[in-house]
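The values are calculated or read from the model by the stated rules, or taken from the named source; none is laboratory data. The model shown is predicted, which means the values in this text are computed figures rather than measured ones. Note that we place each Cβ from the backbone using ideal geometry, even for glycine, and neighbour counts take in every protein chain shown. Side chains included, ligands, DNA and RNA excluded: accessible areas come from the protein's heavy atoms. Shrake-Rupley method; radii C 1.70, N 1.55, O 1.52, S 1.80 Å.
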Amino acid sequence: MGKTQKIAMIAALAVTATTTGMVITTQSASANDKVVKLWVDNKAYKPIVKQFTKDTGIKVDFKIGQSADAQADLKKDPSAAADVFMFPHDQLGQMVQAGLIYQNTKYEKTIEKNQTESAIAGAKYKGKMYGYPYGVETQVLYYNKEKLSANDIKSWDSLTSKGKLTTNLADDGANYKYVPLFMSNGDYLYGKNGESVKGTNFNNDKGVQVLKWIASQKKNKGVIQSTDAASLNKMADGKADAYLSGPWDKVDLQKELGDKLGVAKYPTVNFGDGDKQMKAFLGVKLFGVNAQTKNALNSMKLANYLSSDKVQQQIFDKLGYVPSSKAVQANDQVQKDDVAAAVIEMAKPENSVVMPKLPQMVTFWGPSDALINDAYKGKIKSDTDMQSKLDKLVKQSEKSDKN
């Protein structure tokens with residue numbers, strides 16, 4: 001068939017489509033021939049991507065990568081990186097400021113209609129939508145149902161007086177679990193929406209209350225200081241009855257405790273003026289599109305497909321990722337999963353704080369760890385010293401890693 005005949009046939013098909021109501025793609029065949037490069041964490045996505053290609057005709061180059069390394073991998077060579085990639089939402093601010101991520105200009109309304117409030121917040125930066133949420137993650141309370149009742153675990157005081165909680169307050173990583181205590185007591189980390197560089201106000205009376213509470217745990221006989229690895233062992237051998245951790249420890253804990261394993265949202269805490277809900281950091285799992293993609297429409301289409309209700313349900317079934325879709329979260333199968341149900345409860349705005357996305361978080365982690373460790377170890381003796389340390393932390397929180 002000659003070139004002229006091919007052009008005539010395409011024109012005839014276009015006319016037929018118009019007159020018969022047949023739906024055709026708005027992109028040309030040559031656009032669909034362009035391969036979209038995809039990086040994901042798990043091979044469980046491979047059959048899903050094959051179905052996407054079958055349904056749309058869009059070819060996908062499927063590769064396994066590490067979502068936690070997405071930002072670093074993009075920075076190395078954006079032009080050689082994937083068109084579509086997984087990443088944790090707290091990297092979003094750095095990606096936007098570095099010009100690495102393509103704004104979600106086509107599917108914003110779909111996401112705002114279908115996804116939870118917290119997932120939407122995680123996918124946005126400075127009021128603009130960039131990400132495509134496919135899951136949420138928070139820590140929960142795991143406990144031994146033979147040692148503690150559902151009533152026992154409602155408050156920190158009851159939990160630690162009737163059982164033993166294994167946790168980390170003295171070593172690296174205490175910040176991830178215990179920085180949200182400040183927000184539990186009404187303070188802000190980088191403002192109400194986590195995007196204000198000068199919005200951290202831990203250096204007030206509420207912040208001092210939190211540090212004093214942390215210091216008091218050293219004498220709490222129901223609190224066992226342990227690293228996360230040691231905590232798992234203590235739960236397994238019965239030396240501890242409760243543990244704060246995330247979905248990533250579900251399999252190991254179920255293996256050790258079996259039917260004895262209970263899962264619930266965090267307890268309340270009392271910093272001196274009544275019980276308040278203990279909060280956790282919330283992470284949102286996102287797909288993003290490379291700012292340097294040569295195939296933006298197909299890339300956005302793939303990212304949107306991978307964050308759809310259908311795919312979120314499939315990935316929950318295969319991998320147990322807790323969905324960010326309102327409809328999938330409400331699914332009976334998801335609600336019957338104890339860990340998923342507890343994460344969904346913790347993911348509500350009144351129980352968690354969306355991890356800030358500002359680049360300054362990089363320099364916040366170290367000093368906040370040191371402050372929590374020192375308070376617990378009794379190295380900060382007076383309220384005046386606590387105030388001084390909090391003043392220093394707030395100033396540190398405003399610095400970037402380039403200062």
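Answer with yes or no whether ALA303 is among the small types (Gly, Ala, Ser) and more than 21 Å from VAL339 (Cβ to Cβ). Considered against the rule, which asks whether it is among the small types (Gly, Ala, Ser) and more than 21 Å from VAL339 (Cβ to Cβ), ALA303 comes out as yes.
For MET346, the conditions (1) touching a residue at least 12 places away in the same chain (Cβ under 8 Å); (2) touching a helix residue (DSSP H, G or I) at 6+ places or on another chain (Cβ under 9 Å) are fulfilled apart from (2). Listed conditions (1) under 23 Å from ASN351 (Cα atoms); (2) in contact (Cβ under 8 Å) with a residue 12 or more places away in the chain are all met by LYS113, apart from (2).
Evaluate the following for THR26: is it open to solvent by 40 Å² or more (accessible area, probe 1.4 Å) and at pLDDT below 95? Before the answer, list the steps.
Numbers: open to solvent by 40 Å² or more (accessible area, probe 1.4 Å): yes; at pLDDT below 95: yes.
So THR26 fits the description; yes.
Of all the criteria given as (1) open to solvent by 10 Å² or more (accessible area, probe 1.4 Å); (2) in contact with a strand residue (DSSP E or B) (Cβ under 8 Å, 6 or more places away or on another chain), the one not satisfied by LYS106 is (2). Annotation: of all residues in segment 147-167 being of a type in the set (Ser, Thr, Tyr) and not in a helix (DSSP H, G or I), the one that is surrounded by the most Cβ atoms within 10 Å (Cβ to Cβ) is THR166. The residues listed here are ASN185, ASN144; of these, the one that is in contact (Cβ under 8 Å) with a residue 60 or more places away in the chain, touching an Asp or Glu at 6+ places or on another chain (Cβ under 6 Å) and more than 30 Å from SER308 (Cα to Cα) is ASN144.
The set of residues in segment 215-239 being closer than 20 Å to MET386 by Cβ and open to solvent by 70 Å² or more (accessible area, probe 1.4 Å) consists of LYS218, LYS219. Residues of segment 168-193 that are under 17 Å from LEU358 (Cα atoms), part of a loop (DSSP other than H, G, I, E, B) and at pLDDT 95 or above: VAL179, TYR188, LEU189, TYR190, GLY191. Quick check on this structure: which one of LYS389, LYS357, LYS379, LYS395 is open to solvent by 50 Å² or more (accessible area, probe 1.4 Å), in a loop (DSSP other than H, G, I, E, B), over 27 Å from VAL49 (Cβ atoms) and of a type outside the set (A, V, I, L, M, F, W, C)? None of the others qualify; the one that does is LYS379. Filter segment 264-275 down to the residues that are part of a loop (DSSP other than H, G, I, E, B), more than 20 Å from the chain's Cα centre (by Cα) and surrounded by 17 or more Cβ atoms within 10 Å (Cβ to Cβ) and list them by number. Within segment 264-275, PRO267, PHE271 meet the criteria.
Does segment 276-285 contain at least one residue that is under 21 Å from PRO88 (Cα atoms), among the basic types (Lys, Arg), in contact (Cβ under 8 Å) with a residue 12 or more places away in the chain and assigned to a helix (DSSP H, G or I)? Scanning segment 276-285 turns up no residue that is under 21 Å from PRO88 (Cα atoms), among the basic types (Lys, Arg), in contact (Cβ under 8 Å) with a residue 12 or more places away in the chain and assigned to a helix (DSSP H, G or I).
Scanning segment 31-40 for residues that are modelled with pLDDT of 95 or more and either crowded, with 18+ Cβ neighbours inside 10 Å or charged (D, E, K, R) (or both) gives VAL36, LYS37, LEU38, TRP39, VAL40. For segment 319-332, state whether one or more residues are without any contact (Cβ under 8 Å) to a residue 40 or more places away in the chain, over 18 Å from the mean Cα position of the chain (by Cα) and part of a helix (DSSP H, G or I). Checking segment 319-332: at least one residue is without any contact (Cβ under 8 Å) to a residue 40 or more places away in the chain, over 18 Å from the mean Cα position of the chain (by Cα) and part of a helix (DSSP H, G or I).
Applying the criterion of being free of Cβ contacts under 8 Å to residues at least 40 places away in the same chain and among the hydrophobic types (A, V, I, L, M, F, W, C) to the residues of segment 240-275, the residue that is nearest to LEU100 (Cα to Cα) is TRP248.
Based on what the data block shows, is ASP172 within 28 Å of ASN204 (Cβ to Cβ), open to solvent by 60 Å² or more (accessible area, probe 1.4 Å) and over 21 Å from the mean Cα position of the chain (by Cα)?
Details: within 28 Å of ASN204 (Cβ to Cβ): yes; open to solvent by 60 Å² or more (accessible area, probe 1.4 Å): yes; over 21 Å from the mean Cα position of the chain (by Cα): no.
For ASP172, the condition - within 28 Å of ASN204 (Cβ to Cβ), open to solvent by 60 Å² or more (accessible area, probe 1.4 Å) and over 21 Å from the mean Cα position of the chain (by Cα) - is not met.
Scanning segment 240-263 for residues that are open to solvent by 20 Å² or more (accessible area, probe 1.4 Å) and either in a helix (DSSP H, G or I) or among the small types (Gly, Ala, Ser) (or both) yields PRO247, TRP248, LYS250, VAL251, ASP252, GLN254, LYS255, GLU256, GLY258, ASP259, LYS260.
When the residues of segment 303-314 are filtered to those that are crowded, with 23+ Cβ neighbours inside 10 Å and assigned to a helix (DSSP H, G or I), which remaining residue is farthest from the chain's Cα centre (by Cα)? Here the answer is ALA303.
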